[in-house]
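Remarks on the structure that follows.
The values are calculated or read from the model by the stated rules, or taken from the named source; none is laboratory data. Note that the structure is predicted; figures quoted are calculated from it, not measured. FYI the Cβ positions are ideal-geometry reconstructions off the backbone, even for glycines, and counts take in every protein chain you see.
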Amino acid sequence: MNLFLCLLAAGLYLELMRHSPALIDVQKNEDISKCDLSPCLRCIDRVKRNAANPSDVIRLLKQPAGQTRNAVRAADYMDHAVKLIKRSLEARHKRSINETDLATLQVLQSVSALTGCSIQQRPTNCSAVPNIDTFRSANSICNNRQNTRWGSSNTPFARWLPAEYQDGTSLPRGWSPQQPINNQILPLVRAVSNRIVNAININNDPQYSHLVTIFGQFTDHDLTFTPTSPIITTYGGPTNCDQTCSNIEPCFPIRIPSMDPRFGINSQQCIPFVRSAATCGSGQTFGTTTARQQLNSLTSFIDAGQVYGSDEGTARSLRDLTSNRGLLRVNTQFNDNGRELLPFVNSSTNFCANRRFISCDRAGDGRSNENIALTSLHTLMLREHNRLARALAQLNPTWDGERLYQEARKIMGAYLQVITFRDYLPQILGPELVSRQLSNYPGYDQNVDPSIANVFATAAFRFGHTMVQPFIFRLNEQYNDHPNFPGPFLHLTFFASWRVVFEGGVDPLLRGLAGRPAKLNTQSSIMNDELRERLFKFSATLASDLASLNMQRGRDHGIPGYNKWRRFCGLSQPQNLAELTVVMNNADLARNLLELYGTPDNIDVWVGGVAEPLVPGGKVGPLFGCMIATQFQKIRQGDRFWWENNGVFTAKQRQSLSRTSFARIFCDNTGITEVPRNPFLYRPRGAGYTPCVSIPAFDLSPWKEDGK
């Protein structure tokens, strides 16, 4: 057997080179920029030449990095290796080799070791993790001392229901377009987007500000990131996923229906789509079937990972280690009226390189540049960390930089936990769901797995896409449209960090978030065309469609259909037009859905969820309300470092944290002098706006060491 394994190792490399040279070429160097022939470099070059298409941006944005790249690389090696072994065994004569003799668990384990997958699954020695009882590790390993990987970065998403793949193991729902599911053919996701999701008119939310929308995106980037396969050419051939409309791993392109309003009659185009990376060992079958699982590269906790990073390497790279003051790095080329800006990415190969030669900003999450409103929140939180670190240094002159950094980071994580549960989730879920599942803190439970559910990441928490306005608002000191820097269309703010540097800084953007309403999601106006028709549109004509991407991603991940999730949440499961009409409270919408899908069972869960009538006092329907409440319930109960858990903070510190104010964070870190006391609630200026001098400062005195 040892000889066989040695031959296997050599054979795997040769087979991988022969069948998919891009797999080896791209992966063998840790620095992808050294791969001169890499397809990724070609898309970087197109970005720099202002010739990018949306798939270039999505590919670069979702490319794994650091420890995530190691995990994804190992998983790709293993997935392709097992397929090659099976193909080779199936081609041999049964008398010359018996598949059952070699296709064993031992072989699978050996392949896991050869490809690097076994390293990803090794047990963790928690005693070797520094300060594990006082501070979180960047990757949240050992948050749970019994199940050390629960909630940590680079682990699989949780499955609340079994995956449903076309082949039972790995192929997406709809991979074979004419293969029926529940006796019906799945509609093209672009057809669903055109007919159901298209926004006829944009209505403003009468209650909530646009901050609710962008804070939701900011929170999502603390909890979920699903990297795509780093292999962008098809397995077994040189075809780039941009150049094929066929389903060939890892390409799963979005086909265009006939009579598409944007693409025309019988268009031969398609929207490129690359499958999400698999986790190690999933989707393999040697005698048993294991469904393909996807990777969450972030921690599952509300821990400000989007500010600090979710692995030790990223966290360290964001720190200012030139001093011993516990600060985060800031931009050394530009400032915002004397205030700090995010540092630039230390590379010319980034999405923003073609924008006035300004690099993308660097933050704990690589998506901080997706739009300039999101960038403004990242900048605000960078400043607040540094403000806290400096204030803590004055309180405790003996603390070194490590202590200052960790204490400020711990406070920042608690800030976001308080604001999310006290100010944000009640606006989304409504009072009934909050009262039922998220009211009083029940205490830490080591038996609760806080891992993010696949359906939460791919569907439920993408409800926020329906609340995005087509503009990014910028307001002056009187909360009127800024005369010098009017609010641009959303698609003109994608990866445009130069707009923050040269167009008034973050103050007008933050006023725009607090002083303008969110978009109201209605059944006739689900998603604005800035996202549906112009997503990541630069100079290219083929912009992407976020609604189609959401549904295609759900199919890629094997997410079950609408009714199975309704059953999971204890809701009715409509079987016909009359019953679906009751659920949707809209006969025309129900009819359109059934004409597309044939049966409610097949409705993609994202579109079914965002189409439901909103719960009283909330911004989601009953299905997504159930999923979001369940997920945050698990996040809170399964977090050993939750701010209310005994021993994490002192009683006086908890009392101070409970009074934290988003409005005060605005005031402390900007030139804004007047702000709504609750910036999540929309109101015209003058009705509830408060001068900053009247908003209580955050009390840091309980952190003075001799006062504990």
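Okay, here's what the table says:
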read-out: Entirely in the range 574-687, the helices (runs of 4 or more DSSP H) that have 1 or more residues that are farther than 30 Å from Pro508 by Cβ; value: 577-584, 587-597, 605-611, 622-637, 651-657
read-out: Whichever residue in the range 146-169 is within 20 Å of the chain's Cα centre (by Cα) and among the hydroxyl-bearing types (Ser, Thr, Tyr) and, among such residues, is nearest to Lys564 (Cα to Cα); value: Thr155
read-out: Val620, sole failed condition from (1) in the same structural domain as Arg409 (by TED's automatic domain parsing); (2) within 29 Å of the chain's Cα centre (by Cα); value: (1)
read-out: Qualifying residue in the range 134-143 (condition: farther than 20 Å from Val607 by Cα, out of contact with any strand residue (DSSP E or B) (no Cβ under 6 Å at 6 or more places or on another chain), hydrophobic (A, V, I, L, M, F, W, C) and without any contact (Cβ under 8 Å) to a residue 60 or more places away in the chain); value: yes
read-out: Any hit, the range 166-174, residues being in contact with a helix residue (DSSP H, G or I) (Cβ under 8 Å, 6 or more places away or on another chain), within 29 Å of Ser310 (Cβ to Cβ) and modelled with pLDDT of 95 or more; value: yes
read-out: Residue, surrounded by the fewest Cβ atoms within 10 Å (Cβ to Cβ), within the range 198-226, restricted to residues that are under 30 Å from Ala277 (Cα atoms) and acidic (Asp, Glu); value: Asp220
read-out: Close pairs from the range 313-335: first assigned to a loop (DSSP other than H, G, I, E, B), partner at pLDDT 95 or above and of a type in the set (S, T, N, Q), Cβ under 6 Å, at least 6 apart; value: Leu327/Asn386
read-out: Among the residues listed as Pro187, Pro162, Pro180, the single one being more than 19 Å from Asp639 (Cα to Cα), without any contact (Cβ under 8 Å) to a residue 40 or more places away in the chain and outside the structural domain of Met381 (by TED's automatic domain parsing); value: Pro180
read-out: Subset of the range 595-613 (residues that are surrounded by 15 or more Cβ atoms within 10 Å (Cβ to Cβ) and more than 20 Å from Ala459 (Cβ to Cβ)); value: Gly598
read-out: Members of the range 227-247 found to be at pLDDT 80 or above, in a loop (DSSP other than H, G, I, E, B) and buried (at least 21 other Cβ atoms within 10 Å of the Cβ), listed by number; value: Pro227
read-out: Filtered residue count, the range 182-197, keeping only those that are part of a helix (DSSP H, G or I), surrounded by 22 or more Cβ atoms within 10 Å (Cβ to Cβ) and not polar (S, T, N, Q); value: 5
read-out: Filtered residues of the range 313-331 (kept if buried (at least 16 other Cβ atoms within 10 Å of the Cβ) and of a type outside the set (Ser, Thr, Tyr)); value: Ala315, Leu318, Arg319, Asp320, Arg325, Gly326, Leu327, Leu328, Arg329, Val330, Asn331
read-out: Residues of the range 190-227 satisfying the condition of being among the hydroxyl-bearing types (Ser, Thr, Tyr) and under 14 Å from the mean Cα position of the chain (by Cα); value: Thr219, Thr224, Thr226
read-out: Failed item, numbered, when Gly504 is tested on (1) without any contact (Cβ under 8 Å) to a residue 60 or more places away in the chain; (2) crowded, with 20+ Cβ neighbours inside 10 Å; (3) not in a helix (DSSP H, G or I); value: (2)
read-out: Criterion: under 30 Å from Ser451 (Cα atoms), assigned by TED's automatic domain parsing to the domain that holds Ala75, out of contact with any Cys (no Cβ under 6 Å at 6 or more places or on another chain) and surrounded by 16 or more Cβ atoms within 10 Å (Cβ to Cβ) - qualifying residue of Pro257, Pro272, Pro250; value: Pro250
read-out: Residue match in the range 355-364 (condition: modelled with pLDDT under 95, touching a strand residue (DSSP E or B) at 6+ places or on another chain (Cβ under 7 Å) and farther than 20 Å from Ala315 by Cβ); value: yes
read-out: Test: Ser548 is at pLDDT 95 or above, in a helix (DSSP H, G or I) and among the hydroxyl-bearing types (Ser, Thr, Tyr); value: yes
read-out: Per-region count, the range 581-594, residues surrounded by fewer than 20 Cβ atoms within 10 Å (Cβ to Cβ), under 17 Å from Pro622 (Cα atoms) and without any contact (Cβ under 8 Å) to a residue 60 or more places away in the chain; value: 3
read-out: Flag if Ser656 is in the same structural domain as Ser376 (by TED's automatic domain parsing), small (Gly, Ala, Ser) and touching an Asp or Glu at 6+ places or on another chain (Cβ under 6 Å); value: yes
read-out: Total residues in the range 614-657, condition on the phi > 0 side of the Ramachandran plot and surrounded by 23 or more Cβ atoms within 10 Å (Cβ to Cβ); value: 0
read-out: Filter result for Leu161 (farther than 28 Å from Ser267 by Cβ, part of a loop (DSSP other than H, G, I, E, B) and out of contact with any Asp or Glu (no Cβ under 7 Å at 6 or more places or on another chain)); value: yes
read-out: Any hit, the range 406-417, residues being among the β-branched types (Val, Ile, Thr), within 27 Å of the chain's Cα centre (by Cα), modelled with pLDDT of 95 or more and closer than 29 Å to Asn563 by Cα; value: no
read-out: Among the candidates Val605, Val583, residue that is more than 18 Å from the chain's Cα centre (by Cα) and either modelled with pLDDT under 95 or not acidic (Asp, Glu) (or both); value: Val583
